[in-house]
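Participant: Before I ask anything, let me first share the structure, which is written out below as C-alpha cells.
The values are calculated or read from the model by the stated rules, or taken from the named source; none is laboratory data. Quick caveat: nothing in here was measured; it's all calculated off a predicted structure. Using ideal geometry, Cβ is built from the backbone for each residue, glycine included, and neighbour counts are taken over all protein chains shown. Ligands, DNA and RNA are stripped out before the accessible areas are found, and what is left, the full protein with its side chains, is counted by its heavy atoms. Shrake-Rupley method; radii C 1.70, N 1.55, O 1.52, S 1.80 Å.
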Amino acid sequence: MSSEIQTSIQDSFEPIGWDAHDFVRYVPEILQNPLKEACQNFLFLCNQQLKLLHERNYHAEQLVGIRSAMIDKLLLHILETIEPEVRQKTSHRGPGVTLVAQGGYGRSEMNVYSDIDIVFLYSTKKGAYIETLTEKVLYLLWDLELEVGHATRTLADCKKMFQEDSTVLTALLDVRLLYGNESLFLELKKTLADYLKSSSNQQKTIQAKLDERKKRIAKYGGSVFVLEPNVKEGAGTLRDLQLLLWMAKIKGQKATYQDLIQNGYLDEDEEKKLVMARNFLWRIRNELHFLAERKADALTFQHQEVVAQKLGFKDSVDGILGVEQFMQTYYSLAYDVYTITDKVLRKMKAGGFGFHQLIQKITTRKIDDIFRIVEGQLSIKNRQVFIDFPVSMMRLFSHMQEKGLALHPETRDHVRSLVSTVNDDFRNNPENIKIFRAILNSYSNLGDVLMAMHETHFLDAWMPEFKKLRCRVQHDVYHIYTIDTHSIFAVNELSKLVRGDYDAKFPFYKEALQAVVHPELLTLGLFLHDIGKGEGGNHSVKGAVIARKITERLQYSQAEADAVDFLIQSHLIMPHLSQRRDLDDPELIIKFARSMGTMDNLNMLFLLTWGDIRAVGPEAWTDWKDVLLQKLYKRTHEVITKGEFSKEKTIERIARVKETIMSQFGDKYPKEDSQRFLSVMPPRYFFANEDRDIEKHFLMFEKSKTEKLVSDHRELGEFNLKEITIYTLNAPHVFSVITGVMLAHGINIIHADIFQTTHGYVLVILDVTFPVSRNSVGQQFESVQKALGDVLLGQTKIADLIDKQKIPDYLSKKPVQKANSKVVLDNDVSAYYTVIDVYAHDRLGLLYDIARVLNEHGCFIGLSKISTKVEQVTDVFYVKDIFGKKITAADKIKIIKNALQKVIDSQEEIKFSRSLSGKHF
C-alpha cells in the first residue's frame, strides 16, 4: 500500500469517530474503491485501530471478537463482489457456495494475525464455478498477505474427514455461517452431532484428544515452566483452555465455563482463574502479533521484556525486574490452567467410561484405616479424613516417600482443596514437625515428595516463606527453571544419587553423600539455598535470616540451625573458587579449609554445590566444572585431614615433590639436567601438576635445547577435552599470540596455566575443545603448531591469520541477552598476583583481545580461567607486572581497567567461516 493511501486513511481516522462496538459504520465509504485497494485500505485502518485499542488496554475478550467481525465484513464484501461475476462467467445456475468459519475464527476469537480458517462448502459436484470462485477469493486473500487455512468440501467430504481426523472434527465443532446456504450449514452441524451421539465415537474422540494433548505438550517443552513458552500450544495455554470446551461439546453438553460449573466439572474459583488466564494469554498473543507484524505465538526471551513493559510490569524497589514479575504471573496462571485442565479431563473421561469405578475397586489395596493404594497410586479413604485427622495430610507424604508411590489424582485434588486448613496450629503441631523432619532425613524419593507437596500447594501453606518463590523466574538464559522448581530439582539430585541413577557417572559424590552425618541438614539447606532471592541485597545473607525462622519453627537445635545457616550463606563459595580462582594456590586452599571448620561441613557444601549447579538446567553442569569442583574438594579434604594449615607445611610439600620426582627419574636422565629443570620452575608449578606430567614437561625442557618451540597435545580422559602444552622462549606477547592462533583455528580455550621459568622460558598448558572438522584432531594440531612457529618467528602476522577466518556480518549470530560488563582488579585474593575478574557479553575473539590489551600494558599472565554461561563471560586472569610483582599503583590500575573495559564493550566481533564449538577464544 502506498504511503499516500496510508496517510489518507489515517487522516480520516479521527473524524470517523471509531466505536469498537460499531466499527463497521465507515465500511461502505472505504469499500466503494476497486476491490483490492478497498480491502487494503480496510485492513490497514482495522489494524491501526485495533493496535490503538490494544494500547489503551481495551479488554482482550472484546478485541478478539472485534478482529473476527472485521474479517467477517472483509470476506462478505469480497464474496458479494466476486461471486456474481464468477456465476456469470461460468454460467452457473445451481446453488451457490456456502462459506463457513471454523476453529478460532468460528468462535469469533481471532488474535490480530490469527489464521483465517474457512471452509468452502458446496452440495453439488465440484466444477468450474467452485474452482474459479475459491481460486479468486484465496488469491486475493494471499495478495492481502493474510494467513488463510482453507478447505473446499462437500458434506460427504466433511463427514469422511472428521471420522478419520480428530483435529478436523474439533475445528468443525466451532463452525459459524458467514455466507450462503443456511440449510446446508445446519445440515453440516447435524451430521457432526449425529456422529457424536454414539458413545463409542465419543470415547474414541475423547481419547484421541487426550493423546493429542500429550504429544502437543511434549512437542512444546513438556512443561509449563519452559524458558520460551508457546502461548497457544504449550502446557496451560490457549489450547488447553479450548480443549475443555471441545470435550464438553464432544459429550453433547453446552460448552461455556459457566456450563462446566453447572455440570460439576468446575467450581466458581476455578472458572475465574480460567477466564483470567484466557484474557491474559489473549493480551500477550496480541502483543506478540503486533511486535512481529505477523502470527507469532512463542514468547521468546528477546520479547519477554518488551511484552512485560507493554503490559505495565515495572521493576520493584526490592530488585525484582518487571519482566520477572511478568513471567511469574504467566507461569502462575498457566500452571492453574494446566492443573485445572488435568482435573476436568479426568472427570470427563471417568464419567464417560462405565467400568472406571469397577477397575478402581479391583485394583484397590488397603494400607490401614485411612490410606489405600488405588491403581498403583497412593490414595485416602475419603476427603473427610483430612478434616477429622489433620495430621493424616502430613502422613500422606510420609507414606508416599516410604512406598515410592505417586499420589492418586483425586487425592491430589483433595489436598489442594483443603490446604486452607494448614494453619498455625497445624504448622506448630509437634507430630507434624516430627514427620516432616523424618521426611527430610531420608534422601529416598525426597524430590518427588517435595514436588507433590508443591504441586498441591501444601508446601505453600506448610512453609509460607517458600510460597513467594512459586513460579518466580530469573530473567536470563542460564537459569532454565523457576526458582521454586530449581530448589526441588536440586534436592531431587540427591534422591537420584541414592537411588543409583548416577552410580556410573558420579560415584565420588555418592561416596561423599554416605559420609554426611545429618542428612536433614543437607536437604533443608539445599532446599532453602535460594529462599532469599527477591528480597533485595545479598540473597545468601537474606536467605539465612529467613531460614532461621523456619529452623526455629521446626524445632532444630542452635547447632543444627547454624549448620543450615552456614550452607545457605556459603552456597556460592565453591562454584566461585573452583571456577574463578587458582586451585593450585596453597594459601587459598588453606583459607577455604579453615572456613569449613569440619569435614561434615565440607561434605555437605560439596554436595549442595553439585546439586545446585545440576538443577540450573541441562547445559549448566559440564565435565570441566566437575573436574574443578572435585579438585577443590579433594585438596581441601587433604588439608583438613592432615592438618596442613600453615605456609611452612606447603614449603615442605614442594620439597617432598622434588624428592619424589628425582627418585622416579632415577638413572633415566642425567641428575644435573633433572635438578636444573626443577630449580627453574616456579613454586606453584609443583602444586598444579601430577608427577607423570612433570616428567613430560622435563622432556620438553630437554628438547628446547635444540628447538625454539616445543608443543604437544593429548586427550583429557572422559571429559571430552584436549590438552595443548607449549614450551618456548618467554616474551610479553606470548600468551596473546597463543590465544590468537587458537582463535584463528576455532579452538576454544577453557583454562590456561602459564608457568614462567627463572631462565627465560615459559610453559603454557591449555585445556581446550577443538571445532567439528573433517580433519582429525592430530591434523588440526599440526596446523596449530605450524602457525605458532610462523607467528613467534615473525614469518606471519597474527592479524593476517585471524582475518582469513572472518565471515560477513549478516551471517553472525545475534546475541540472545546482552550481558552487563565489568572489570574488577583485586590484590587481596592472591599473595603473589593481581587478580583481574572480567564480566562481559560473549563474542568471538574476546579472550584474544583481553590478552592483547594486558600484553600492551605490561601484564604477564600466570593463570587464566575461562567461564561462559550462555552469553555471559566471567573470566579471571592472575597477572604480574614486568618485574614479577603485583600491580599496586592506583594510576596503573585505572589505566588497565579502562583499557579492558573499552575492549570488552566493543561491538566489533571476529566472525569465522568454519563451524565452531564455542565463541569465546
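Participant: Please work out the FRET efficiency for the pair Thr167 and Asp369, using the Cβ-Cβ distance as r and a Förster radius of 51 Å; give the result to the nearest 0.05.
Facilitator: On the way: r = 48 Å, r/R0 = 0.94.
Efficiency, from the Cβ-Cβ distance: 0.60.
Participant: So, in nm, how far is label Leu572 from label Ile387 when the simple model puts each one 7 Å beyond its Cα toward the Cβ?
Facilitator: Roughly 4.8 nm, to one decimal.
Participant: Counting only the heavy atoms of the protein chains, how much of Glu659 is accessible to a 1.4 Å probe, in Å² to the nearest 10?
Facilitator: Counting only protein heavy atoms, Glu659 exposes about 130 Å² to solvent.
Participant: For His54, His303, give the ranking by accessible area with the largest first, probe 1.4 Å.
Facilitator: On the way: His54 5, His303 55 Å².
The residues order as His303, His54, largest area first.
Participant: Give me the Å³ per residue figure for the convex hull around the C-alpha atoms of the stretch 206-350.
Facilitator: Value for the stretch 206-350: 113 Å³ per residue.
Participant: Mind grabbing the accessible area of Ser704 for me, 1.4 Å probe, Å², rounded to tens?
Facilitator: 10 Å²
Participant: Could you work out the relative contact order of the chain, using alpha carbon pairs under 8 angstrom and six or more residues apart, expressed as a whole percent? Mind showing how you got there, number by number?
Facilitator: Numbers: 1285 pairs, mean separation 59.9, N = 921.
Relative contact order here is 7 percent.
Participant: Also, I was wondering about something else. Tell me what the chain gives for mean residue ellipticity at 222 nm when only DSSP H runs of n ≥ 4 count, each as -39,500 (n - 2.57), the sum divided by the residue total, rounded to 500 deg cm²/dmol.
Facilitator: Numbers: 43 runs with 518 residues, N = 921.
So the helix-based figure for the chain works out to -17500 deg cm²/dmol.
Participant: I'd like to check one number: the per residue accessible area of the stretch 661-739, probe 1.4 Å, reported in Å² as a whole number.
Facilitator: Values: 3890 Å² over 79 residues.
For the stretch 661-739, the per-residue accessible area is 49 Å².
Participant: Relative contact order, percent, of the stretch 546-665 when contacts are C-alpha pairs under 8 Å separated by at least 6 residues? Write down the numbers at each step before the final one.
Facilitator: Working: 71 pairs, mean separation 36.7, N = 120.
31 percent.
Participant: Now a separate question. Please compute the alpha carbon radius of gyration of the chain, then divide it by the globular-protein estimate 2.2 N^0.38 Å. Two decimals is fine. Walk me through the numbers on the way to the answer.
Facilitator: Numbers: Rg = 34.5 Å, N = 921, 2.2 N^0.38 = 29.4 Å.
Here the Cα radius of gyration is 1.17 times the empirical estimate.
Participant: In nm, to one decimal, how far is the modelled label at Gln664 from the one at Ser420, with both set 7 Å along Cα→Cβ?
Facilitator: Output for this residue pair reads 7.1 nm.
Participant: At a Förster distance of 30 Å, what's the computed FRET efficiency of Ser906 paired with Phe883, Cβ-Cβ distance as r, to 0.05? Let's see the in-between values first.
Facilitator: Numbers: r = 30 Å, r/R0 = 1.00.
For R0 = 30 Å, the calculated efficiency reads 0.50.
Participant: In terms of solvent-accessible area of protein heavy atoms at a 1.4 angstrom probe, what is the ranking of Phe44, Phe527, highest value first?
Facilitator: On the way: Phe44 40, Phe527 0 Å².
Sorted descending by solvent-accessible area, the residues read Phe44, Phe527.
Participant: Would you list the membrane-span-like helices of the chain, meaning whole DSSP H runs whose alpha-carbon atoms span at least 20 Å along their axis and whose mean Kyte-Doolittle value is at least -0.5? Walk me through the intermediate numbers first.
Facilitator: On the way: long enough: 35-55 (30 Å, -0.01); 60-90 (43 Å, 0.07); 128-143 (22 Å, 0.40); 182-196 (22 Å, 0.17); 199-219 (30 Å, -1.69); 268-292 (36 Å, -0.60); 322-352 (45 Å, -0.26); 483-499 (24 Å, 0.31); 539-553 (21 Å, -0.29); 599-614 (23 Å, 0.36); 623-642 (28 Å, -0.83); 647-665 (28 Å, -0.67); 777-792 (22 Å, 0.11); 890-904 (21 Å, 0.23).
Helices meeting the criterion: 35-55, 60-90, 128-143, 182-196, 322-352, 483-499, 539-553, 599-614, 777-792, 890-904.
Participant: Sort 262-273, 843-854, 609-620 for me by packing, meaning the mean count of neighbouring Cβ atoms within 10 Å per residue, highest on top.
Facilitator: Numbers: 262-273: 15.3, 843-854: 23.7, 609-620: 20.0.
Final packing ranking: 843-854, 609-620, 262-273.
Participant: Can you send over the carbon and sulfur percentage of the accessible area for the chain, probe radius 1.4 Å, protein chains only?
Facilitator: On the way: 20240 of 40780 Å².
Reported share for carbon and sulfur atoms: 50 percent.
Participant: I would also like to ask the following. Would you please give the FRET efficiency between Ser821 and Lys797, computed as 1/(1 + (r/R0)^6) with r the Cβ-Cβ distance and R0 = 30 Å, to the nearest 0.05? Don't skip to the end; give the middle numbers.
Facilitator: Working: r = 29 Å, r/R0 = 0.95.
After rounding, the FRET efficiency stands at 0.55.
Participant: Which sequence of Tyr761, Tyr129 reflects their accessible areas, 1.4 Å probe, from the largest down? Kindly include the intermediate steps, with their values, before the conclusion.
Facilitator: On the way: Tyr761 40, Tyr129 10 Å².
From most exposed to least exposed: Tyr761, Tyr129.
Participant: Compute the length gained on full extension between Thr622 and Ala218: take 0.36 nm times their separation in residues and subtract their Cα-Cα distance, giving the result in nm to one decimal.
Facilitator: Working: separation 404, 0.36 × 404 = 145.44 nm, distance 2.55 nm.
Extra length from Thr622 to Ala218 when fully extended: 142.9 nm.
Participant: While we're looking at this one, here's another question. Please give, to one decimal in nm, the separation of the simple spin-label points placed at Leu716 and Ser198, each 7 Å out from Cα toward the Cβ.
Facilitator: My value for the distance between the label points is 6.5 nm.
Participant: So what is the accessible area of the stretch 119-202 per residue, in Å², with the probe set to 1.4 Å?
Facilitator: Values: 4250 Å² over 84 residues.
Accessible area per residue: 51 Å².
Participant: If you average 1/r over every pair of different alpha-carbon atoms in the stretch 568-691 and take one over that average, what Kirkwood value in Å do you get? Spell out each step's value before the answer.
Facilitator: Working: mean 1/r = 0.0617 Å⁻¹.
For the stretch 568-691, the Kirkwood estimate is 16.2 Å.
Participant: A further question follows. As a test, work out the antiparallel percent of DSSP beta bridges whose residues both lie in the chain, rounded to the nearest 5. Before the final figure, lay out each step's value.
Facilitator: Values: 62 of 69 bridges.
Beta bridges within the chain, antiparallel portion: roughly 90 percent.
Participant: Just the number please: accessible area per residue for the stretch 338-485, 1.4 Å probe, all protein chains included, in Å².
Facilitator: Values: 6340 Å² over 148 residues.
Result: 43 Å² per residue.
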